[in-house]
Structure formats: C-alpha cells, structure tokens
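What follows is calculated from the coordinates using simple rules that are stated; it is not laboratory data. Bear in mind that the values here come from a model prediction, so they are computed numbers and not experimental data. Virtual Cβ from ideal backbone geometry, glycine too; neighbours counted across all protein chains shown.
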Amino acid sequence: LPEAFLRFLQANGIDPSIYTPRYLRLKPGIDGIEAEIKCKLEKVNWLPGFYSLRPDILIANSKSYLDGKIYGIDAASGAAVSVLNISPGDHVLDLCAAPGAKLCMMLDLLGDSGSVTGVDVARHRLAACRTMLQKYSLGDRCRLFVADGTTFSLAPLRFREWTSRRPWKERKRAAKARPELIFYGRHSGVVGLSKNKLGYDKVLVDAECTHDGSVKHIQKFENWGWTTLQRRVLDAVRTDSLTLLQLKLLRNGFRLLKVGGLLVYSTCSLTVAQNEDIVEQFLKENAPAELQEINEAEEWPCKSGRIPKTLRFDPLTSQTSGLFVAKFTKL
C-alpha cells in the first residue's frame with residue numbers, strides 16, 4: 001500500500017495487515033450448500049443467516065449461486081439492514097440501492113406483505129439490482145426507480161391514488177417530473193394509507209462514500225493504479241463534495257420517513273468527516289430527529305462511534321469491512 005494510505009489507516013486506528021473473511025447469506029430454508037461447494041461454512045453467531053468462507057473458495061459457478069440460493073454480502077452490511085428491524089407489512093425505502101445485496105436482504109426479511117422501494121442515480125447499477133431481484137425471485141414486492149436520492153419524492157402510495165385526485169394538467173406536469181420506473185413487482189403497490197400516515201416505515205441511507213473501509217475495494221487499486229486511489233479516496237476536494245452529497249441524502253431520506261419510523265445512515269468509510277460529522281450536522285438542523293440506541297449491538301463485535309449510540313465495524317475489531325451505522329427516529 002502507498003505511504004499516503006498507510007498514514008490514513010494509522011490516523012484511523014486500522015492495522016493494514018488484518019485478515020478479513022468473505023461472507024454470504026443463505027436464503028431462508030436452504031441447506032446442502034457445503035457438500036456442493038466442498039467447503040465448510042462457518043456460521044456467524046451474531047447475525048442470523050450469515051456464514052463466512054475462505055477467500056480461495058469460488059462460488060460464482062456453483063449451482064446454489066446460479067439458482068439464487070446464496071448471495072455475497074458483508075456481515076457489517078447485513079448488520080446495518082438488521083438495525084432497521086424490518087417486519088412483515090413495512091414499507092421500506094432503500095435510497096442508494098445499488099448494487100442490491102442489502103435490497104435482497106430487506107425483501108427476505110419483509111416476507112409476504114409490505115413493499116421495498118429501491119432508488120439509485122445510476123441506471124446501469126440499478127439494472128444490476130433488477131437482475132438480482134429476478135435471480136433470487138424477490139421482485140414481487142419491490143419497485144426500482146432511476147432517480148437522484150437527494151430529490152426523490154414519491155411516498156409509498158398506489159399509482160392510482162397518486163394520480164386520481166389531481167387536475168389533468170397537473171397530473172401531466174407531475175408525470176413528466178416522476179423518476180423513471182424500471183421495475184415494478186406485482187405486489188409492490190401500497191394499499192390503504194391515509195394522509196396522516198404518508199411516508200415510509202423504514203429508510204436506509206447507505207450513502208455513496210470513499211469506500212476506504214472496504215478492504216476488497218481498496219485491493220482493486222492494485223489494478224486501477226495508486227494515483228487513482230489518491231484521486232478517489234484521499235483527495236480533499238472530492239471528500240468535501242461527497243460529504244455534502246451524504247448530508248443531502250440523509251436529509252431527503254428523513255423527509256420521506258413517517259413519524260415514528262426508523263432511518264439508518266451508514267457508510268463504508270472510516271473517516272469522521274463522512275460519519276460522525278454528518279450525524280452532528282444533521283441533528284443540529286433537524287429537531288424532530290433523535291438518535292436511537294442500537295440494542296442488538298450488545299452481542300455484536302463492533303465498537304462505539306465517536307458519538308454515543310453510533311456504531312463502527314472495522315476489519316480489526318469485527319473481521320468485516322469497515323462500516324459506520326447510526327439509527328434515527330422521527331419525533
């Protein structure tokens with residue numbers, strides 16, 4: 001690793017020599033995977049449905065993977081989804097949905113009622129989400145929109161309800177402004193919401209970041225070039241623009257959250273600027289926002305963030321990728 005990145009790791013208390021296992025999640029009710037891939041899966045005791053496996057084991061060509069029975073997702077990312085406490089019947093918004101593993105986990109937890117709305121600004125990345133939904137047969141209760149997460153504005157209403165009460169000219173103008181719908185599951189509409197219940201029950205803002213907490217991501221720079229790392233991860237100008245984007249995503253996610261709902265903000269960055277500083281700024285300007293204790297973390301291999309009630313996963317402490325997690329409710 002280049003000296004600049006080693007200094008970055010040292011400043012954030014991360015040992016660059018750590019070993020991080022790979023993780024996967026099994027769809028509920030699946031067994032017999034070990035015999036097929038000829039490898040023993042190590043159960044992640046603190047996170048249901050998750051297993052670790054050796055880095056040299058290839059699963060991409062296995063029948064279980066091709067049939068949509070298993071999918072790769074880091075345990076820390078799974079923990080962020082778990083913090084939302086998704087229950088059957090919830091209407092959930094994933095404001096930065098690509099590449100889609102968290103989206104799939106949400107739908108697994110949702111079961112046979114409720115809905116998940118996935119949003120991403122990049123059409124090709126959201127198309128990959130659509131492919132995952134179809135591969136894992138999880139699309140019935142999901143809709144996907146190509147849209148800017150900082151301005152996305154659709155509440156979880158049925159399309160008919162959304163249009164029928166407006167004058168024709170207003171409906172026409174509004175239709176032009178609607179985000180592009182690229183996938184709509186047959187049960188992803190929402191029925192029976194009254195005006196005082198508008199908004200999503202749960203919102204995940206897993207914001208775009210420098211990805212410096214992901215060992216797997218940093219390893220890619222061996223091929224991309226270390227000068228690219230300097231530009232994408234260590235450059236102060238880019239970081240400033242990212243933190244502004246992160247704050248805007250958090251603001252909009254909270255705006256779309258119903259009163260009493262839960263929002264999780266997360267990034268896979270190790271930096272304070274993209275995590276605790278964002279949370280502090282957001283709380284200063286949003287009186288109805290309240291940080292919530294993450295009770296599940298009592299059994300998790302993580303540590304507290306620099307703000308009480310926030311969490312940090314890191315390769316050294318957690319044997320996962322780095323991840324920051326904060327949970328809010330709307331008063």
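Some notes on this structure:
- Given +1 at the Cβ of Lys and Arg, -1 at the Cβ of Asp and Glu and no other charges, the dipole of region 35-126 around its Cα centre is 300 debye to the nearest 20.
- Each peptide in 248-259, 34-45 receives the mean, over its residues, of other Cβ atoms within 10 Å, and ordering these scores from highest gives 248-259, 34-45.
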